[in-house]
1. Inside the range 47-103, counting only helices (runs of 4 or more DSSP H) that do not spill past its ends, which hold 2 or more residues that are among the basic types (Lys, Arg) and touching a residue at least 40 places away in the same chain (Cβ under 8 Å)?
2. For the range 258-274, name all the residues that are aliphatic (A, V, I, L, M) and farther than 17 Å from LEU436 by Cβ.
3. Considering only residues that are buried (at least 24 other Cβ atoms within 10 Å of the Cβ), among the aliphatic types (A, V, I, L, M) and touching a residue at least 60 places away in the same chain (Cβ under 8 Å), which ones fall in the range 172-188?
4. Would you say VAL265 is more than 30 Å from ALA447 (Cα to Cα), surrounded by fewer than 23 Cβ atoms within 10 Å (Cβ to Cβ) and modelled with pLDDT of 85 or more?
5. Quick check on THR175: is it under 28 Å from LEU311 (Cα atoms), hydroxyl-bearing (Ser, Thr, Tyr) and assigned to a helix (DSSP H, G or I)?
6. Condition check: over 25 Å from MET302 (Cβ atoms) and open to solvent by less than 40 Å² (accessible area, probe 1.4 Å). Does LEU63 satisfy that?
7. Determine whether the range 74-85 contains at least one residue that is surrounded by fewer than 23 Cβ atoms within 10 Å (Cβ to Cβ), touching a helix residue (DSSP H, G or I) at 6+ places or on another chain (Cβ under 7 Å), closer than 26 Å to GLN317 by Cα and not hydroxyl-bearing (Ser, Thr, Tyr).
8. Test of understanding: among VAL444, VAL438, which residue is over 23 Å from MET143 (Cβ atoms), modelled with pLDDT of 85 or more, β-branched (Val, Ile, Thr) and open to solvent by 10 Å² or more (accessible area, probe 1.4 Å)?
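The values are calculated or read from the model by the stated rules, or taken from the named source; none is laboratory data. Computed from a predicted structure; not experimentally measured. Because the Cβ atoms are built from the backbone with ideal geometry, glycine has one as well, and the counts that use them run over all protein chains shown. Quick note on the areas: whole protein, heavy atoms, side chains included, nothing else; ligands and nucleic acids left out. Shrake-Rupley method; radii C 1.70, N 1.55, O 1.52, S 1.80 Å.
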Amino acid sequence: MSTEVSSNASGRPGPVAAPKSSVPEKMSRESVTIIATLLVATFVVILNETIMNVALQRLMVDLGVDAPTVQWLSTGFMLTMAVVIPTTGFILQSLSTRAVFMLAMGLFAGGTALAAVAPGFEILLLARIVQAGGTAIMLPLLMTTILTLVPLAKRGAVMGNVSIAISVAPAMGPTVSGLILEHFTWRFMFVFVLPVALAALAIGAKYLTNVGETGKTKLDFLSVLLTVPAFGGLVYGLSQIGGGQSGPSAVAVAALVIGVASLTVFVLRQVRLQKAEAPLLDLRAFNFRMFTVSVLLMVVAMMALFGGVILLPLYLQEIRGLGSLETGLALLPGGLAMGLLGPFIGRLFDKVGPLPLTVTGSVLMVLALWQFSTLDAGTPVWWIVTLHVGLSFGLALLFTPAFTTGLNPLPPHLYSHGSAIMSTAQQVAGAAGTALLVSIFAVVSAASGLVAGMSAAFLTATVIALAAVVLSAMMRKTEGAAPGHGAH
């Protein structure tokens, strides 16, 4: 991709953006319609990322599979996204905005329909992978569109609304599935979502307009192939590292080694392709310090979010004996808090910058996770709900500043790459966090009981979250890049 070409709303090459002074301060009605359509669609598809968590116990019985196997319905979803997202730069450049949207929602709706009628675990896993393919395309499409259409001064407020889709949807997944499972079979988690997905597809097909021109781009197949062992090996290795009572298994260690080696080759390949201006992921985005800090902060926050989303339902059901509905309702206040706070925090960010928000958020996250590590069989449910709301508040204070501060300084030609890198990082972090914490929970529980296992898992999450405090203190307000500026 030439450095003299910018990425437009769908990540495709187009004319270099106008200077900052000539960017309109108000968004047009068409721009608002485009972003609103993408935002609603993104919320629907990301909701499915965690909708299976509360249903895992029932699926183990109904489908006749064990816990490590059924966990792949969640981990496999995130892994697929991590593999597909790096290719979205090519997809966004090759197809029109409408075509990309139709492809994404078509895949998601098709996967949802297949999941609703799946006769067994294998077909259900395939359906989840198809769903994940659609979800993966929606994320960078939304982020790149916002970077192109939204004036710099209003990005925080708009990103605050985006945080509803990116962070609240996964948090509300257990609540939605809990309500459904109380009265219906697990298939209805997909039956109820399908009409919403089809409606979003129809609305987008009618109202979504194309932005910019399509262009000829080259896809590096070796880079695409390398994403599979790189991210798959890392997450599989983490999920199996605590599987044996005598220590890490040879398979787990081999998977981790293959993952690290493949990721190293992938990075070196991108550096080489950058010289020819044809990388799958342009890693020069990391030359911008605030982008790097924000990505690392996002990785830590996503590990905490997905770890909590997985571990809390396990605690409430396995240790406290709550049903699916009660579990979902217990997690609902936290999800609602994150959603209601997102737009407010976005506007606050535009006024005060990231530092006060991220430091407060990271400290809240550490304190909440540490308190989760002290839970036992007699802890009052109201205290658990309070802690979850505190964790959600802390994460809300992190997400919007991290996204906006990280992406703001990038020049237009790195918009789609920066969005893809950040989206890939958060999915890999979520998958790795889930796999790592569930493995720790499983191995300690087998030796010392469920309460000890839960305590060890949350204590691990607390230690990881301490890194967020350090990263948060490094956050600084960023300005938009001048046209044609890049990190070379």
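1. Fully inside the range 47-103 and qualifying: nothing.
2. Answer for the range 258-274, where residues must be aliphatic (A, V, I, L, M) and farther than 17 Å from LEU436 by Cβ: ILE258, ALA261, VAL265, VAL267, LEU268, VAL271, LEU273.
3. Selection gives MET172 alone.
4. yes
5. Considered against the rule, which asks whether it is under 28 Å from LEU311 (Cα atoms), hydroxyl-bearing (Ser, Thr, Tyr) and assigned to a helix (DSSP H, G or I), THR175 comes out as yes.
6. The answer is yes for LEU63.
7. yes
8. None of the other options fit; the residue is VAL444.
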